[in-house]
Structures are given as structure tokens and as C-alpha cells.
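All remarks here apply to the structure that follows.
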Amino acid sequence: MLSLIYSSGLIGIDGYTVKVETDIGNGLPRFDLVGLPDASVKEAKERVQAAIKNSGFGFPAKKIVVNLAPAALKKVGASYDLPIAVSVLCATNQLPIEPIKNAVFIGELSLDGSVYAVNGVLPMVISALSEGYDTFFVPEQNAAEASAVSGAKVFPMRQLKDIYGHLCTPNKIEQYTHTERDNGEKLLESLLDFKDVKGQDNAKRAIEIAAAGNHNILLIGPPGTGKTMLAQRIPGILPDLTTEESLEVTKIHSIAGILPSGVSMVKTRPFRSPHHSVSPPGLTGGGAGLPRPGELSLAHNGVLFLDELPEFKRDVLEAMRQPLEDGVVTISRVAASLTYPCNMMLVASMNPCKCGYFGSGTHRCTCTPPQIDAYRSRISGPLLDRIDIQVEVGSVDYSDLSKEEIGESSSVIKERVNRARALQQERYKNLPIYSNAQLNSGQLEEYCKIGEREHKLLSNAFDRLGLSARAYSRILKVARTIADLEHSENINAAHIAEAIQYRSLDRKYFE
């Protein structure tokens with residue numbers, strides 16, 4: 001007998017429908033799995049056979065052929081266990097197929113018939129729902145994220161035998177009801193606050209500008225000046241995720257398997273801080289089988305913090321150059337070529353030299369000029385050009401540390417950032433961008449117009465500092481954000497001067 005059960009697979013961050021076809025015929029007992037399965041899918045034969053037997057069903061001693069269509073796409077992972085088992089049970093008339101002929105099954109099986117959670121359920125459900133399938137049987141641990149999609153009827157499963165009770169007895173599986181507690185609101189409470197940072201007003205101002213325009217920023221200064229402390233508080237002043245942004249972030253985290261248990265939607269902007277020993281595939285994405293998202297994509301719509309930037313391997317840093325410019329990572333492999341979004345805010349920190357005290361007023365630098373040059377040369381000019389704001393973080397005075405007054409809170413800064421972002425969203429509402437950092441050269445001429453005085457100021461700085469063409473555009477983008485923070489329609493000389501100030505470090509420290 002032939003049976004057809006629907007499941008779903010993944011290509012990048014998008015799902016696609018998989019037809020699980022089972023044919024049982026006469027012949028020597030064997031179990032064949034076709035449809036371009038990888039090693040993990042081929043192992044499903046053993047898991048499915050054991051799960052069916054240990055759940056109280058009978059496994060046929062016949063020739064069984066299971067086809068995963070479309071056969072042109074490689075199938076990866078253990079999420080096909082459950083649909084294969086249900087398809088076999090329907091083909092042997094142990095389950096009625098009519099009530100579930102348009103349902104989608106996703107899940108891994110253990111040998112005793114337990115249904116285990118899998119990665120990527122959210123994009124699978126979104127894709128299947130868009131194709132007209134609205135009923136989903138998923139592992140209990142994945143029910144929260146699956147239910148986040150409006151219109152999806154989600155039935156959580158603990159055991160394979162639950163489907164028999166649902167179809168053949170009054171013991172129905174209760175449909176999962178989405179609640180607000182699934183949205184991860186509690187994670188908002190864990191954000192650190194800028195009110196705890198003493199001093200560093202110049203660095204705070206630069207960070208506020210970076211957050212308002214989604215600009216990349218480099219914090220440079222001696223050890224112990226609070227560079228990491230400042231960076232860790234940036235998510236608290238970024239605008240709240242929109243529904244579309246939240247959905248994108250959740251899809252990526254679901255595929256990567258880092259979505260917190262019981263959370264259906266990510267509500268806080270990601271903050272990723274990989275160790276400097278990270279490999280190029282770890283940063284950009286990759287791995288065996290179909291490539292998985294790396295740190296760049298996991299930080300999508302959030303912050304990627306690279307502490308001690310020169311300690312990262314040169315090939316790792318150079319691998320970031322194109323993604324920083326394009327906002328996407330393209331991973332080409334023999335099995336597939338996938339594109340993951342990585343529109344994030346790069347925040348990096350570094351010491352001015354190997355010992356960390358070059359230019360410090362409190363400690364003597366012990367590095368020789370060749371050592372200083374070797375340390376700084378680890379960061380290439382093209383990568384430095386892609387960092388809009390470079391700000392010096394100096395030592396904090398004792399008077400600042402001993403002050404009892406509380407500094408400006410993150411919520412106050414966030415209000416200003418939100419107002420600036422609102423101006424940008426209104427300005428670019430007819431364009432496929434939402435922040436000043438995304439402006440291209442053509443859009444700069446339209447939205448970053450400056451007067452003769454501003455042109456002269458920028459021309460002098462361009463000649464004196466030897467800035468590149470990319471640095472010129474970065475200055476205009478930062479100046480546009482500074483003007484937005486002041487609710488100014490026009491970019492004036494003060495905005496240009498402050499933006500130039502945030503480019504001076506690439507000449508002070510790197511020439």
C-alpha cells in the first residue's frame with residue numbers, strides 16, 4: 001500500500017515542503033530510504049523501526065521503500081523520523097490517513113518512541129503555512145515557537161503513540177495555545193544599564209550616535225577603561241525589534257538551535273561576543289552537510305562584539321569585509337550555496353598597542369616602535385574603513401569614580417535613539433533600508449546634502465587626514481545621524497566636525 005505524509009526541510013533560513021511517500025510491497029524484508037538523504041537521515045531507518053516496535057505497533061516484515069521528495073534537494077537532520085514513522089504506520093493501515101492527509105509532521109524519534117526537539121521548526125512552519133498547510137504535529141519542546149505563527153494549529157507530541165490516541169481514541173492531543181509568556185519578555189530584564197558607567201561621556205556620546213544610525217564602532221584605549229562594560233550595555237539603548245526583525249532573528253536562532261526553551265519569539269536584539277580563537281566558518285557560517293549560520297548571522301539585527309580586535313586571526317577579520325558591506329553572507333559548498341542575512345552593528349574594542357598603554361597618561365608604554373607597528377598592522381586599512389566611528393576611551397578619573405550621582409540611564413538614551421530612528425524610517429519609507437548606515441553612494445547625494453561651508457570643512461579634513469572615498473561617505477552618514485539626534489533637517493558644520501572627530505583615530509594610531 002502507498003501512503004503520503006507531509007514534512008518540511010530547510011534551505012538557508014527558509015523552509016520547503018517534503019513529501020514522505022511510503023510503499024510497502026511483497027519481497028524480502030528490507031527498508032530502503034531514497035530521496036538524497038544524508039547520513040543522519042539514513043540512520044532514521046533504525047530509529048523508526050525501533051520506535052514503532054517499542055510504541056506497541058507492528059513493523060511489517062516486507063519490502064519498504066520511503067521516498068523523500070523532492071529528490072533533487074539534499075535532506076539533512078533527524079526531523080524526518082516522525083513523518084517517516086507515521087507514513088509507515090499509515091501504509092500498514094495501523095493509522096487512518098484521511099484525518100492527517102494535509103497535516104505536517106516534524107520531529108526526531110528515540111528508540112523508545114519519544115519525540116525529541118529539532119532545530120528550525122519556525123521557518124518550516126512559516127513555509128508550510130504559506131503553501132496551505134495549517135496543522136502541525138511537532139515535538140512538545142518546539143510547540144511554543146511553532147505557535148508563534150498566526151494561523152498555525154500546533155499539536156505537541158511527547159510519544160509516537162500519541163498520534164494513535166489522537167486519531168483512534170477520545171484521548172486527543174490538546175492544541176497548543178500561544179501566550180505572551182512565550183515571547184521571551186523576561187530576557188528584557190537582564191539588559192545592563194548605562195547608569196552604572198562612571199565617566200566616559202565622550203564614549204557614551206559616540207555609542208549613542210552609533211546606535212541611532214546603526215553604525216559600526218571601534219572603542220580603543222588602555223586596559224581597564226571600561227570598553228567591554230560599555231559594549232555590553234549597547235543592546236539596552238537599541239530600538240525594540242519590529243515584528244519582522246523579531247521573526248528574522250528567531251528563524252536564525254531556531255536553525256542554529258540556540259532558541260531558549262519555551263520561547264517562541266526573540267524580543268531582545270542579539271548580542272554575540274565570540275572568542276578571538278573563532279575560525280572563519282565559525283564567524284561566517286559553514287559546517288558539514290548544509291551550511292549553518294555563523295556569528296555574523298546570529299548577530300543579525302543586533303550587535304556583534306569583537307573584544308581585543310587585533311587578537312583575531314587575519315583571515316577571520318578579512319572574511320568580515322564583504323558581509324559588513326553587503327549585509328548578507330553567502331556560503332558556497334558542493335551541497336548548496338546559501339545566503340544568510342547579517343545586517344548587524346559591529347562593535348569592536350582594542351588596546352592602542354601590545355602592552356596597552358601607548359598614549360596613556362597613567363602608565364608607561366613598554367612596546368618598541370616595531371612591536372607597536374606589528375600590533376596595529378593586524379587590522380587592515382579596508383576593514384578599518386568599514387568602521388564608521390572610532391572613539392578613544394581614556395582612563396577614568398578618581399573624581400568620576402567617587403561621584404555618588406547616578407549617570408544617565410539606558411532608557412533615557414534609548415528614547416533619543418528611538419526618535420532618531422523614527423525620523424530615518426519615515427525618510428526611507430519608500431526605500432529598502434531603515435537606517436543611515438545603509439545609505440549607498442547614490443542615496444548619499446539625495447539625503448546627505450551639505451552647503452559650501454560644510455564642503456570646505458570636509459575638503460580640508462580629507463586632504464589633511466588622507467581619508468579614503470569610503471571614509472568620506474562614512475563621515476556623511478555619521479553626520480546625518482548626528483543631525484537626526486538634534487532633529488535637524490540639514491547637516492551643518494558642527495555635525496560634520498563631530499563626525500570627522502570620529503575618524504581621526506585611524507590616523508593617530510595607524511600611521
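The values are calculated or read from the model by the stated rules, or taken from the named source; none is laboratory data. All of these numbers come straight from a predicted model, not from anything done at the bench. Cβ atoms come from the backbone with ideal geometry, glycine included; neighbour counts cover every protein chain shown. The area values use the complete protein model at the heavy-atom level, side chains included, leaving out ligands, DNA and RNA. Shrake-Rupley method; radii C 1.70, N 1.55, O 1.52, S 1.80 Å.
General remarks:
- Residues that are more than 17 Å from residue 342 (Cβ to Cβ) and touching a residue at least 24 places away in the same chain (Cβ under 8 Å) number at least 2 in the following helices (runs of 4 or more DSSP H) confined to the range 222-316: 227-232.
- Residue that is touching a Phe, Trp or Tyr at 6+ places or on another chain (Cβ under 8 Å) and open to solvent by less than 20 Å² (accessible area, probe 1.4 Å), where the choices are 115, 121, 41: 41
- Among the residues of the range 136-158, those identified as in contact with a helix residue (DSSP H, G or I) (Cβ under 8 Å, 6 or more places away or on another chain) and either assigned to a loop (DSSP other than H, G, I, E, B) or surrounded by fewer than 18 Cβ atoms within 10 Å (Cβ to Cβ) (or both) are 148, 149, 151, 152, 158.
- Residues that are under 35 Å from the mean Cα position of the chain (by Cα), in a loop (DSSP other than H, G, I, E, B) and touching a residue at least 40 places away in the same chain (Cβ under 8 Å), drawn from the range 1-52: 12, 13, 35, 38
- The one condition from (1) open to solvent by 10 Å² or more (accessible area, probe 1.4 Å); (2) among the charged types (D, E, K, R); (3) modelled with pLDDT of 90 or more; (4) closer than 26 Å to residue 326 by Cα that residue 484 does not meet is (1).
- Matching residues, the range 332-350, being part of a loop (DSSP other than H, G, I, E, B) and farther than 24 Å from residue 302 by Cα: 333, 334, 335, 336
- Residue check, residue 370 in contact with a strand residue (DSSP E or B) (Cβ under 6 Å, 6 or more places away or on another chain) and part of a helix (DSSP H, G or I): no
- Scanning the range 324-376 for residues that are closer than 27 Å to residue 232 by Cα and among the aliphatic types (A, V, I, L, M) gives 324, 328, 329, 344, 345, 346, 347, 348, 350.
- The set of residues from the range 148-168 being at pLDDT below 90 and among the polar types (S, T, N, Q) comprises just one member, 150.
- Of the residues making up the range 405-457, those that are in contact with a Phe, Trp or Tyr (Cβ under 7 Å, 6 or more places away or on another chain), open to solvent by 30 Å² or more (accessible area, probe 1.4 Å) and modelled with pLDDT of 90 or more number 2.
- Considering the range 337-374, the residues that are out of contact with any helix residue (DSSP H, G or I) (no Cβ under 6 Å at 6 or more places or on another chain) and open to solvent by less than 20 Å² (accessible area, probe 1.4 Å) include one that is nearest to residue 256 (Cα to Cα), namely 338.
- Test: residue in the range 137-152 that is under 23 Å from the mean Cα position of the chain (by Cα) and among the β-branched types (Val, Ile, Thr): yes
- Residue ID - least open to solvent (accessible area, probe 1.4 Å), chosen from residues in the range 62-107 that are polar (S, T, N, Q) and over 22 Å from residue 292 (Cβ atoms): 87
- Count - residues of the range 458-481 that are surrounded by fewer than 16 Cβ atoms within 10 Å (Cβ to Cβ) and touching a strand residue (DSSP E or B) at 6+ places or on another chain (Cβ under 8 Å): 0
- Matching entry among 273, 277 (being open to solvent by 30 Å² or more (accessible area, probe 1.4 Å), among the small types (Gly, Ala, Ser), modelled with pLDDT of 90 or more and within 13 Å of the chain's Cα centre (by Cα)): 273
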